[in-house]
Each structure stands twice: as C-alpha cells, then as structure tokens.
Amino acid sequence: MQKFLTDPLLGSLTPPATGRLSITDLREPGLEFRISAGGSRSWRVRYRVKGVAGRKVETIGPYPTFSLADARDRAHAITSAAKKGIDLPEREKRDEEEAKRAEQRPKTVADLLTRYVNDYCKANQRRWEQTDRLFTAHVVPAIGTKALDEVRRADIVELLDDLQNRKGLNAQVNRVRSQVMAAFNWAVERDFIDVNPAATVKKRKKIETPRARILEDVELVAIWRAADSLTYPSKQIVKLMILTGQRRDEVRCLPWVELRADLWVLPGARNKGRRDHEIPLPAAAVELLTGTLKGRSQIGPFVFSCDSEGKRPYAGMKRLKMILDRESGVKDWTLHDIRRTVATGLGRLGVAQDVIERVLNHGRGILEKTYNVHQYRDEKRVALEAWAHHVDSLVTGKEAKVVALAGRAKRG
C-alpha cells in the first residue's frame, strides 16, 4: 500500500486483525510505516546501493519516538548516500565499532603496559611478576604518562640512558629494553600503534656477568642452622632447597600430588626446562617431608603454605631471605646461590657432570633429548644421597657415611 503519509493519517490507523500492515510513503521513496496486530508502530527504509546487487532494508525505529519528519530525514539520508554508492547504515556501524575500539585502546604508555601484563604476560610468562616490577620501577615513572602515539625512539633511548648512567643499573637495562620492545610489538600486532618505537634501539654494551657465588661450607652450615631457628614452612623450604638443589619457586610451590614416597616428580609445566623431571629424595628430605610435615597433606594441596586451608603456596621468600641474612650472618648471597653450591658440592664429591646436569634439570642438546630418554634416576639418587650425608657431616661434625658413587667409594 502506498500513501502520502501525514501525522493525522498515522494517528487514525488501526492495527490489522492479524499480521502487519505496511504503508510506503509517496513523498519519500523507500520509507515504510509498519503497524502490527499488537499495535506496535515503526519505521524502516528500503534502498539499493549503487553498484551493489540486491535491495537492503534498514530499521529506523519506533513511532512516535521517531516522528514522520524524523523518519523522512533519515530515509532521505540513507537513499541519497546509496545513490552515490555509499551504504550509510553499514558505514555508521563500522564507525561506531571503530570508535568503541578506539575507546578501549590504551591511551598512555602506562595503560599499554598494564594491558600487556594482564592480557599477555600473566598467561604466557612463568615469571610475569618480574616483568610487572620492571615496568613499575623503571618505565612507568619515566614515560608512563606519555601518550602512546607520541612515544619516539629517542624516548626509549633516554629512558635506558637514565637507567644506566644516573641509576647505575647494568643487566636490568637490557631487560627493560627487551620487555619494552615486546610490549610495543604486542601493541603493533593489535593495531594500537603503527610502529614500534623501540624496534631499532640497540642493546647496551654492558653484559650481565653470570654470578659465580658459591657458599663456603661454614656459610652453608650457618644458613642451615639459621633455618633450624625458623618454623614451618620457612625451615622446611630452605632445607629442601639445600638437600635437592632445585629452584626456589619449584620448592616453594611444591604440591603434594608431585610426591611419590621417596620420589619427587616435577612436571614440565612447572619447571624452567619444560620437561618432566624426577628428583629422587634422599632420606633426610623424606624425613623432612613425612616427619616434620606429617598430617599437613590433609589441609590443602600445597606442602608449604601459610594459608589455614593450604590453598595458596608460601609467598614470603623476600622476608625469609632477610631473616636468613640476619640469623646466619652470611653476606652477599642469593637463594639461587644454594643451587650453584649444590652443583659444585656434587662435583667435589665425584659426581659425573652429566649426572649433575640432570639433578639440576639443565637443558640438553636436541639429539640427546630425542634419543637419550634415560632418566638417570638411580644415578641421581646416589648423588643426592651423598650430598645429604655431606651436609649432615658439615652440620653435625660427624664423619660422613661412605656412599658408593660411580663404581667407587666416595666419602661425603
């Protein structure tokens, strides 16, 4: 049905008994007024975009929210644009979506780094907290408020110069550079920015010098005895690190399900090597876990936890280190130095280097990983048992037991 629509006509229309009545406006081609059997009234427009096959329909809205004049104006805008080959409703939808994306885009460097940590690092980096701390300590104070699209290469260079020359940082300068570069690459991939301003910034010439700190026997004893003065779980964490040589977070976050009597099976998902790792536990470690901690397996999933329900692993390593420093009197050492000390101690006891590497779960070459799948469980067990006897002899002053090692007797 076609009529020259007027407001009086629209007000006089009665709903059809069934279905829907549609009236096309003779004044504005393509504009339709629709009234349903339920009484709802609305506008829509039919149009054909130049150069595009088929007709399209766009809903304008309800009547009288959209008056006759409003509906005609909207229909005219759509059909006029269509004659020029422009699909106005589609363009408006794209513009609206782009506006929403623009609103959600990070505006400043600080916004970007927060998004990067939350959306990427937490899901893909085992130690994402370190990345977050680098940003918070070094990047945000310097360029955090800078508009993301205004960051230039010179800003990154100035940031690194300041960290190196004014703050006297060394290895951390290159860590900041690599993490900032990664964050900006992530931003480019998501079309937050067009170019990574850090892409051509070179590494600093100062290279991180690997630590070579080994705890002397007297220092190791002092730390062990300092641990003796502590309560659960601090005491047990320190001693298990010393007895096994495993990484601090691997020990700290140890769940009960990884323990099999005198064998600790560390899954690839929870270690730096990304491969399953068996740690045969020496008798002293088994006693530590089954004696001192007896019954705690019923509390929660984690062996070491300050949570009353055992649902979260122990998280007080920084404070623990401070206490150990104070109680032991040992200076200039890190918890990771324990691991290096265990490796060195095993070497001094005559343990073969390839066995030491497997105790520590160090990386191996492609060919070896592919063809040599031997777990060295027995060899690792003998090595760690010898080390445990050696530690006991240092702490107690008693002569170490003789342990058969690689076909010869070695005194711990």
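The values are calculated or read from the model by the stated rules, or taken from the named source; none is laboratory data. Quick caveat, the model's predicted, so the values are computed rather than measured. Positions of Cβ are generated from backbone atoms using ideal geometry, with glycine treated the same way; all protein chains shown enter the neighbour counts. For the accessible areas, the whole protein counts, side chains as well, though only heavy atoms, and no ligand, DNA or RNA atoms are used. Shrake-Rupley method; radii C 1.70, N 1.55, O 1.52, S 1.80 Å.
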Could you tell me whether the stretch 290-297 includes any residue that is basic (K, R) and under 26 Å from the mean Cα position of the chain (by Cα)? no
Quick test for you: out of T334, T344, pick the one residue that is among the hydroxyl-bearing types (S, T, Y), open to solvent by 30 Å² or more (accessible area, probe 1.4 Å) and part of a helix (DSSP H, G or I). T344
In the stretch 267-288, which residues are more than 16 Å from R377 (Cα to Cα), open to solvent by 10 Å² or more (accessible area, probe 1.4 Å) and in contact (Cβ under 8 Å) with a residue 40 or more places away in the chain? K272, G273, A284, L288
Taking R175 and the conditions (1) in a helix (DSSP H, G or I); (2) open to solvent by 90 Å² or more (accessible area, probe 1.4 Å); (3) over 28 Å from N271 (Cβ atoms), which numbered condition does it fall short on, given that it satisfies the others? (3)
Can you pull out the residues in the stretch 51-62 that are open to solvent by 40 Å² or more (accessible area, probe 1.4 Å) and out of contact with any Lys or Arg (no Cβ under 6 Å at 6 or more places or on another chain)? G51, V52, A53, K56, P62
Considering only residues of the stretch 7-40 that are open to solvent by 60 Å² or more (accessible area, probe 1.4 Å) and touching a Pro at 6+ places or on another chain (Cβ under 8 Å), which is nearest to A77 (Cα to Cα)? S40
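When you look at G11, is it part of a loop (DSSP other than H, G, I, E, B) and modelled with pLDDT under 95, yes or no?
no
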Checked against (1) open to solvent by less than 70 Å² (accessible area, probe 1.4 Å); (2) free of Cβ contacts under 8 Å to residues at least 40 places away in the same chain; (3) more than 20 Å from the chain's Cα centre (by Cα), T108 satisfies every condition except (2)
Among the residues of the stretch 326-350, count how many are among the acidic types (D, E) and under 22 Å from L384 (Cβ atoms). 1
For the stretch 373-386, name all the residues that are surrounded by 12 or more Cβ atoms within 10 Å (Cβ to Cβ) and either in contact with a Ser or Thr (Cβ under 9 Å, 6 or more places away or on another chain) or at pLDDT below 60 (or both). L384
Look at W264 and say whether it is aromatic (F, W, Y) and open to solvent by less than 10 Å² (accessible area, probe 1.4 Å). yes
Sole exception among (1) of a type outside the set (D, E); (2) more than 24 Å from the chain's Cα centre (by Cα); (3) assigned to a helix (DSSP H, G or I); (4) under 24 Å from K107 (Cβ atoms) for V201, by number: (3)
Which numbered condition trips up V238, out of (1) open to solvent by less than 50 Å² (accessible area, probe 1.4 Å); (2) modelled with pLDDT under 95? (2)
L148 passes all but one of the listed conditions (1) under 25 Å from the mean Cα position of the chain (by Cα); (2) surrounded by fewer than 18 Cβ atoms within 10 Å (Cβ to Cβ); (3) not charged (D, E, K, R); the exception is number (2)
Within the stretch 180-190, identify whether any single residue is small (G, A, S), in contact with a Pro (Cβ under 8 Å, 6 or more places away or on another chain) and under 30 Å from E98 (Cα atoms), and answer yes or no. yes
Selection from the stretch 124-138 of residues in a helix (DSSP H, G or I) and among the basic types (K, R) yields R133
Consider D194 against the criteria (1) surrounded by fewer than 14 Cβ atoms within 10 Å (Cβ to Cβ); (2) modelled with pLDDT of 90 or more; (3) over 21 Å from D119 (Cβ atoms): it satisfies all of them except one. Which criterion is unmet? (3)
Can you list residue pairs whose Cβ atoms sit under 7 Å apart, with the first residue in the stretch 241-262 being in contact (Cβ under 8 Å) with a residue 60 or more places away in the chain and the second being part of a loop (DSSP other than H, G, I, E, B) and of a type in the set (K, R)? Count only pairs 6 or more apart in sequence or on different chains. R247/K272
Regarding R153, is this residue touching a Pro at 6+ places or on another chain (Cβ under 6 Å) and open to solvent by 60 Å² or more (accessible area, probe 1.4 Å)? yes
